[in-house]
Amino acid sequence: MTPLPVPIELGYRMPAEWELHAATWLTWPRPDGISFPDGYEAIPEVYARFIHRLTLHESVHINVWDSDMAESIRAVLRRHHVPMELVHLHEFPSYEPWCRDHGPIFIVRDSPAGRDRAVVDWDYNAWGGKYPPYELDDAVPQQVAHYRGLPLFSPGIVLEGGSIEVNGTGTLLTTEACLLNPNRNPHLTRHQIERYLHDFLGATQILWLGEGIVGDDTDGHIDDLARFLNPTTIATVVEEDPSDENYGLLQDNLERLRGMKDANGHPFRIVELPTPGVVERDGQRLPASYANFYIANRQVILPTFRHPNDRIAQERLQREFSDREVVPIDSTDLIWGLGSFHCISQQEPA
């Protein structure tokens with residue numbers, strides 16, 4: 001039997017987040033979910049503020065549990081004056097709201113006839129089986145692909161969207177702590193994992209950082225550490241306090257980044273972002289990071305944490321995004337779920 005062609009053989013690649021979006025996909029959290037213990041009541045308002053900003057320049061699709069949840073969402077969004085004609089609700093139920101990780105990964109290919117799109121459906125196991133059940137979350141990409149009428153590619157290995165970062169021209173950034181963790185794909189070597197990233201996302205160069213920040217239950221997702229700002233520039237989080245638990249591991253990642261080169265053999269330009277210090281709740285350190293921003297059409301949504309470094313992070317990113325407004329939104333309540341705006345969103349390229 002002849003094996004089916006993989007996406008890269010068909011001309012597909014994963015586009016960068018700053019490329020034009022057709023929409024942003026979200027999954028609305030359940031009141032009885034586990035992500036926001038004793039803190040859910042504040043979360044719908046955070047989502048509403050986020051969605052209000054997104055609808056200034058793109059439509060929003062939201063996965064919901066059922067019709068009752070859909071009605072409650074509409075009520076919240078109307079209170080925030082969200083233009084409901086740009087919001088589309090789908091009964092694609094999911095236990096938890098982290099659409100970056102369980103949602104569809106869109107890939108594209110360009111031809112003289114226009115642009116083709118497809119969906120990659122990686123397996124999802126709730127960050128190494130930490131939070132069962134998760135079979136509904138795992139099914140979301142299939143439902144979205146069917147709804148959009150798009151081809152579906154299923155690699156058959158575990159991978160979350162928050163664990164990878166691409167520059168749209170073949171370079172992919174990830175971490176050893178996550179992708180090499182035995183709770184994901186213990187049967188695969190680094191080389192074999194790199195082959196999957198090449199075949200299904202079009203990654204021709206894969207760069208590895210080390211550890212993730214303290215409090216991150218994903219085992220070190222890249223979107224709390226380092227992000228591409230353009231094909232040759234990377235923003236990375238750096239802790240200035242040597243006594244902080246994050247200091248050493250972030251210094252190690254910084255040194256790795258300084259030694260990396262792009263596909264043309266040139267060093268990347270590195271932009272350092274501060275941390276918001278120690279953000280805690282109920283004695284638990286939370287993975288608060290300015291790197292968890294979301295690049296939307298004509299704007300960048302920046303999580304903030306009621307810390308003086310909020311302004312510094314905003315100013316540094318605004319200097320880099322001359323074509324977009326960097327919009328701060330308070331993420332103090334959202335980070336109680338151990339994720340922020342990048343974690344809850346997934347871009348659909350135009």
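The figures follow:
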read-out	value
Cα shape, region 292-350, gyration tensor, a/c 1.5 rule	oblate
Cα→Cβ-extended label distance, 7 Å offset, between Thr233 and Asp282, nm	4.0 nm
Distance (nanometres) between label positions extended 7 Å along Cα→Cβ at Arg79 and Arg269	4.4 nm
Point-charge dipole on Cβ atoms (K/R +1, D/E -1) for region 7-347, about Cα centre, debye to 20	1040 debye
Simple spin-label estimate for Asp110 and His57 in nanometres, 7 Å along Cα-Cβ	1.9 nm
Average Cα contact separation per residue, region 196-301, under 8 Å, 6 or more apart, as relative contact order %	27 percent
Most positive-pole-ward Cα, Gly161, Pro141, Gly11, against dipole of the chain from beta carbon charges	Gly11
Extension gain (nm, one decimal) between Ala350 and Arg319, 0.36 nm per residue minus Cα-Cα	8.6 nm
Residues whose placed amide H lies under 5 Å from that of Val327, excluding near-sequence neighbours	Val300, Ile301, Leu302
Footprinting exposure proxy for Leu77, Leu249 (fewest neighbouring C-beta atoms within 10 Å first)	Leu249, Leu77
Dipole in debye (nearest 20) - region 14-130, about Cα centre, beta carbon charges: Lys, Arg +1; Asp, Glu -1	320 debye
Antiparallel bridges, percent of DSSP beta bridges restricted to the chain (to nearest 5)	45 percent
Selected from Ser154, Ser322, Ser243 as most flexible by GNM, with the chain as the system and alpha-carbon contacts under 10 Å	Ser243
Zero-based 10 Å bins, Cα pair distances in region 7-347, whole percents	5, 27, 38, 25, 5, 0
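The numbers here are math on the coordinates, done by the rules we state, and not lab data. Since the structure is predicted, the reported quantities are computational estimates derived from the model, not experimental observations. Cβ coordinates were reconstructed from backbone atoms using ideal geometry, including for glycine residues, and neighbour counts include every protein chain displayed.
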